[in-house]
Amino acid sequence: MKRLDSTLSALADPTRRQVVDLLRERPRRAGELAARAGTSAPAMSRHLRVLRSTGLVEAGLADDDARARVYRLRPERLREVQRWLDAFWGGQLDAFKAHAEDR
């Protein structure tokens, strides 16, 4: 449950959610993420540090420039959140269906 808590805490910030959305499209460099999110480079660095520490994002080397880092989404952490939500909502929706059918 601690991993889920850290993931949800990281995603509580709107800028970090935007970074996750951008990385769903394709890997990107930090400068591009900062520009798209409208934040400074140091602020983006802090956001990326949080996302990396929770395992939502990983950094690798760019194909065209070995000095540049490219950030990629690690979807397995999002799958943990999805499983938790499915368990929660699955039970809620089953109860709603039973209630609606009783009427």
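Results, tabulated for the structure shown:
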{"quantity": "Single match in THR39, THR15 (criterion: farther than 19 Å from GLN82 by Cβ, of a type in the set (Val, Ile, Thr) and not in a helix (DSSP H, G or I))", "calculated": "THR39"}
{"quantity": "Criterion violated by GLU58 - all others in (1) loosely packed, with under 11 Cβ neighbours inside 10 Å; (2) among the charged types (D, E, K, R); (3) touching a strand residue (DSSP E or B) at 6+ places or on another chain (Cβ under 7 Å) satisfied", "calculated": "(1)"}
{"quantity": "Test: ARG69 is of a type in the set (D, E, K, R) and under 23 Å from ARG3 (Cα atoms)", "calculated": "no"}
{"quantity": "Subset of segment 49-103 (residues that are of a type in the set (Phe, Trp, Tyr) and out of contact with any helix residue (DSSP H, G or I) (no Cβ under 7 Å at 6 or more places or on another chain))", "calculated": "PHE88, TRP89, PHE96"}
{"quantity": "All positions within segment 61-103 that are touching a Lys or Arg at 6+ places or on another chain (Cβ under 8 Å), assigned to a helix (DSSP H, G or I) and among the basic types (Lys, Arg)", "calculated": "ARG77"}
{"quantity": "Residue within segment 56-65 that is touching a Ser or Thr at 6+ places or on another chain (Cβ under 8 Å) and not acidic (Asp, Glu) present", "calculated": "yes"}
{"quantity": "Failed condition for ARG49, given (1) touching a Lys or Arg at 6+ places or on another chain (Cβ under 9 Å); (2) closer than 23 Å to ARG3 by Cα; (3) at pLDDT 95 or above; (4) not hydrophobic (A, V, I, L, M, F, W, C)", "calculated": "(1)"}
{"quantity": "Residue under evaluation GLY38, criteria (1) small (Gly, Ala, Ser); (2) more than 17 Å from LEU73 (Cβ to Cβ); (3) surrounded by 12 or more Cβ atoms within 10 Å (Cβ to Cβ), criterion not met", "calculated": "(3)"}
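The values are calculated or read from the model by the stated rules, or taken from the named source; none is laboratory data. Since the model is a prediction, treat every value here as computed from it, not as a measurement. Cβ atoms come from the backbone with ideal geometry, glycine included; neighbour counts cover every protein chain shown.
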